Every structure is written in structure tokens, then in C-alpha cells.
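Q: I am attaching a structure below and will ask some questions about it afterwards.
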Amino acid sequence: MRSALSATLLFALAALTLIQLRPLMPVDETRYLAAAWEMHAGASPWVPHLNGALYGHKPPLLFWLINLIWAFTGVHAFPARLIGPGFATGCVALTGLLALRLWPERPQRAGAAALILAVSPVWLLFGSTTMFDAMLSAATLLAMLALWSAARSPRRAAWIALGAGIAFGVYAKGPVILIHVLPAALSMPIWAGPARPSWQVWARGMGLALAVALCLVCLWLVPAMILGGPEYRTEILWRQSSGRIVSSFAHQKPWWFFLALLPLMLWPFGWTASAWSALRPRSLWAQPATRLVLIWLVGPLVLLSLISGKQAHYMLPEMPALALLLAHGWPKRPWTRRDLWLALPLVALGIAFLAAATGQFPALAQLGHPLPLWSLALSVVILMAGVMAFLRLRAAPVALAALPLALMIGLHVGLSPLLFARYDMTALGRAVAPYDAAGIAVTDGTYHAQLNFAGRLTHPVSRLTPDQIPTWRQAHPDGVLLDLTGGTIPGMAAVAHFFFRSNTYTLFRSEEASP
């Protein structure tokens with residue numbers, strides 16, 4: 001277990017590094033801190049709000065935890081940004097613990113699974129962000145621990161723990177936890193082997209687990225539905241569940257989207273010959289433990305592929321399952337120059353940054369903010385250091401782990417100046433904060449409250465169409481308007497410009513109020 005704890009510490013340090021190399025990223029991270037800020041500023045703790053309106057997209061657990069940490073630290077971005085990575089760090093340790101429970105005769109597999117998860121680029125990226133998926137992953141891992149315990153010894157405590165894990169997942173991200181847990185739970189009679197509980201015991205246990213989950217969820221859901229009214233009930237009971245499944249109103253992707261992401265999810269440990277040997281169907285179905293993990297991985301993959309809305313981080317709760325399976329194919333031989341193809345992502349990124357240094361990278365050029373040579377050069381040094389560590393380190397797993405670590409840190413170092421120049425909302429939030437009471441409006445139709453936390457705003461920001469501007473200006477003569485169109489606004493004067501992504505916000509004030 002010591003190696004699993006080392007992997008946990010490694011991820012924690014890497015996540016802290018990545019947090020320092022990028023700002024709060026709009027629109028997701030800024031939106032979630034805005035909802036937590038509105039709760040802190042006086043909105044209902046039961047019914048989340050965003051920009052003054054009911055926010056039924058997500059349950060309140062993340063916002064509760066952010067406010068809990070703010071009670072000790074004050075309202076600051078950095079402590080709030082530790083919650084998501086904190087759960088992701090716990091998931092690395094839980095993955096090692098689950099490996100010990102599944103394969104007690106092979107304790108080294110715990111450290112292997114923990115390390116594979118800790119350095120996965122997908123886990124490093126989304127596990128270090130302020131989002132709900134690391135919490136959902138922790139809930140899924142706890143549910144899997146409870147399922148395995150129930151399969152080995154179907155005591156009531158195990159089923160209650162399963163229900164608590166499901167309830168935790170609902171509080172973390174909603175009913176989507178069922179997609180990640182039910183395939184393994186409902187198929188227990190198939191994967192549990194000869195020691196499985198009888199059908200009657202399994203059915204009673206599942207009923208108990210679901211009843212416990214429902215009771216725990218209702219502690220929040222019933223007051224929220226009463227206080228939120230019909231609009232909130234419709235939002236959380238229909239639009240955010242069935243609406244996403246049947247015809248997604250956001251993030252629509254083709255059915256093969258997650259299959260296309262698998263190479264990235266597998267790199268680098270899943271690209272080795274030993275890993276492919278471990279992933280043979282006969283090997284995967286040979287033991288109850290591997291059958292459980294395989295169903296845990298494949299079931300949600302199929303279900304999420306059938307759902308209309310898809311995002312890369314939706315599969316984050318299955319990353320521990322993938323790590324557990326890949327841990328069986330633990331590389332042992334030293335790496336040589338013949339294996340440099342495993343470092344192709346680092347080489348490709350290095351070439352891209354070198355091209356950016358010479359102005360030959362169109363995607364970055366469109367942002368209109370050239371990357372400084374120092375960040376590009378430092379990034380290339382980090383990438384090459386990762387390649388050298390891959391070739392020089394004696395322990396094959398550690399050497400392989402150097403590749404994704406160098407890739408993610410090098411990527412962030414290279415892009416960090418651009419991210420802070422184009423995505424950091426701090427300066428813009430401070431610029432509009434003095435006009436909070438007078439009125440703030442935007443012509444950005446996709447505004448998602450990215451200024452509300454940055455400016456510590458206590459009043460909603462109005463979203464306007466061009467024909468609504470004159471009426472708003474008359475009602476808010478001392479207010480400010482943020483415009484993305486780049487044109488002029490009659491009766492208003494441009495007083496400042498701020499970068500935002502590939503666009504520029506122009507800050508307008510009424511000509512009468514402008515100095």
C-alpha cells in the first residue's frame with residue numbers, strides 16, 4: 001500500500017502544480033464558483049442559484065463544500081479550487097485500496113493501479129479542475145468497494161454502504177451515478193462467481209441499497225423541491241435527466257465519441273504489449289474481480305455512448321476501472337530507443353510549440369496573443385526531460401509514468417501565459433465590480449456568470465440583445481455594458497477593452513456618465 005500512497009502524493013503535487021499554471025477557466029469553473037458565491041452571498045443553501053436565477057443543472061454538494069472551506073479561509077479562489085483535486089487525490093488512494101480488496105494475493109497491483117491513474121493525462125486534466133466528476137468518481141469507487149464486499153459476504157452493512165455511495169453520487173452530480181454503478185450492481189449474479197449470494201439475498205440487498213439511497217437523497221431533495229417551486233422541480237426531475245438522455249440540449253456528440261477518446265485514455269500504459277496481453281478477453285473474464293471491473297468499465301461506456309449529450313469528462317468515473325485492468329499488464333523490461341514511439345505525444349507537442357514560436361500555428365495565431373518564447377522554450381525542455389527520464393530511469397513503470405507527467409506539465413507551462421491573458425476573468429471582474437449596484441449588462445448571449453465571482457457581484461448581470469440596449473441604458477444611466485460585437489453603441493462611450501478567448505470585451509458607459 002506504500003506505493004499506492006506514493007502515487008497519491010504524486011498526483012496531489014501534480015494537481016497543485018497544474019492549478020498554479022492556469023486561471024479559473026470559463027465557463028465551467030467560473031460558473032461553479034459563481035453559484036457557490038451566490039450561495040455565500042445569501043441565496044438559498046437548498047436551491048442553487050446562478051446569476052440570480054434558479055440553477056437546477058447540478059446538485060448542491062460542491063457548492064456546500066466550497067462554502068464550508070470559505071468559512072475557514074474567507075472567500076478566495078485558491079482554497080475553493082482544492083476541493084475537486086482533493087477528491088481526485090482520494091480516488092487514487094481508493095483505487096489502490098480497491099485493488100488490494102480485489103486481488104489480496106497480489107499487493108503490488110495496488111501501487112500499479114494507483115500510479116496508472118495518478119499520471120493519466122485525462123485524470124490529471126479533469127481531476128485538477130473545479131468540477132463534479134472527481135466527486136462522482138469517488139462515489140463510484142465507494143460503491144464498487146461496497147459491491148465487492150456484498151458479493152463476498154452479503155451483510156446488511158455492505159448494502160447500506162452501497163446505498164450511501166449511490167446517494168453520495170446523487171449529491172455530487174445527480175442521478176447519473178446510476179449509469180456508473182447499476183451495470184455492475186445489477187449483474188452481480190453474473191460476475192460474482194460461485195461465492196455469489198443467492199438471487200433472493202441479492203434482490204433484498206439491492207432493494208435495501210436503493211431505499212437507503214432514496215432516503216438520504218430526500219433529506220435534500222424534498223426541501224429543495226418545496227422551496228424551489230414548480231420551475232425547479234421541472235428542471236431537476238425532467239430537463240436535467242431525461243432531457244439530456246433523449247435529446248440533449250448541450251454537448252451533442254456522435255455515438256462513437258468515447259471510443260475515439262480511448263487511445264488517449266489508454267496512453268501510455270495501455271499502449272504497451274504487456275497491457276494488451278492483460279486486456280485479452282479470456283484474461284478479463286477469468287476471475288470475479290476482473291469481471292466486476294470489466295462490467296464497471298464497459299457498461300457505462302455503452303450507456304453513455306447511447307446518450308445524446310457527451311463530454312470527455314463524463315467517463316472520468318471509469319478511469320479507475322481502466323487503471324485496475326491495466327495494472328495486470330505491469331511493464332517490467334527497461335525501455336530503449338525502439339520504444340520511443342510511446343513518446344510520440346510529447347514529440348508532437350514539442351513540434352507544435354516550436355511551430356508556435358515561429359508563428360506557424362494557426363489555431364494559436366487566431367487568439368491574437370502570441371506565446372512568449374520563454375514559456376515555449378521551457379515547455380520544450382520539460383517535454384525533452386520527460387523523454388530522457390523515459391529512457392534513463394531503471395524502473396520501467398516509473399519511466400513510463402514520466403511521459404504523461406511531462407506532457408501535462410509541459411502543456412500547461414507552454415500555454416500558461418495565453419491562458420492568463422485570454423481566460424482569466426480577474427481584471428474584468430474588478431473593472432465591473434464598482435458598478436454592481438448601478439447595473440452591469442452584457443451582449444454576450446452565451447454568458448454563464450463568468451464575472452459574478454471574479455467581481456464578487458451581488459446583483460445579476462443582464463444579458464441584452466442590441467434592441468434592448470436603449471431601454472436598459474435609460475434604466476441604468478450609471479451602469480456599464482460589456483459588448484463583444486466590436487461595434488459602436490449610440491449614446492455610450494467605450495472606456496476600456498479586455499481580452500476574452502479569441503474576442504475582446506469592450507466596456508461601455510453612458511456618454512453622460514463617462515469622465
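The values are calculated or read from the model by the stated rules, or taken from the named source; none is laboratory data. Because the structure is predicted, anything quoted here is derived from the model rather than measured. Virtual Cβ from ideal backbone geometry, glycine too; neighbours counted across all protein chains shown.
Q: Does Arg392 count as out of contact with any Pro (no Cβ under 9 Å at 6 or more places or on another chain), closer than 24 Å to Thr485 by Cβ, basic (Lys, Arg) and not assigned by TED's automatic domain parsing to the domain that holds Asn51?
A: no
Q: Here's a follow-up. Only one of Arg394, Arg456 is basic (Lys, Arg), loosely packed, with under 14 Cβ neighbours inside 10 Å and in a loop (DSSP other than H, G, I, E, B); which?
A: Arg394
Q: If I filter segment 27-44 for residues that are surrounded by fewer than 17 Cβ atoms within 10 Å (Cβ to Cβ) and within 20 Å of Tyr314 (Cα to Cα), do I get at least one hit?
A: yes
Q: Oh, and also: Could you say which residue among Ser308, Ser274 is surrounded by fewer than 20 Cβ atoms within 10 Å (Cβ to Cβ), hydroxyl-bearing (Ser, Thr, Tyr), closer than 17 Å to Arg109 by Cα and at pLDDT below 90?
A: Being surrounded by fewer than 20 Cβ atoms within 10 Å (Cβ to Cβ), hydroxyl-bearing (Ser, Thr, Tyr), closer than 17 Å to Arg109 by Cα and at pLDDT below 90 holds for just one of Ser308, Ser274, which is Ser274.
Q: Is segment 300-319 home to any residue that is under 17 Å from Leu102 (Cα atoms) and under 18 Å from the mean Cα position of the chain (by Cα)?
A: Taking every residue of segment 300-319 in turn, at least one turns out to be under 17 Å from Leu102 (Cα atoms) and under 18 Å from the mean Cα position of the chain (by Cα).
Q: Across segment 48-81, which residue is surrounded by the fewest Cβ atoms within 10 Å (Cβ to Cβ) among those that are under 30 Å from Met1 (Cβ atoms) and touching a residue at least 40 places away in the same chain (Cβ under 8 Å)?
A: Leu61
Q: Out of the residues in segment 330-351 that are small (Gly, Ala, Ser) and buried (at least 20 other Cβ atoms within 10 Å of the Cβ), which is farthest from Leu373 (Cα to Cα)?
A: Within segment 330-351, the match that is farthest from Leu373 (Cα to Cα) is Ala343.
Q: Of all residues in segment 71-103, which are in contact with a Phe, Trp or Tyr (Cβ under 9 Å, 6 or more places away or on another chain) and not small (Gly, Ala, Ser)?
A: Val75, His76, Pro79, Pro85, Thr89, Cys91, Val92, Leu98, Arg101, Leu102, listed by residue number.
Q: Let me ask something else. Which one of these is buried (at least 20 other Cβ atoms within 10 Å of the Cβ), at pLDDT 90 or above and more than 30 Å from Ala377 (Cβ to Cβ): Leu403, Leu451?
A: So the residue among Leu403, Leu451 that is buried (at least 20 other Cβ atoms within 10 Å of the Cβ), at pLDDT 90 or above and more than 30 Å from Ala377 (Cβ to Cβ) is Leu451.
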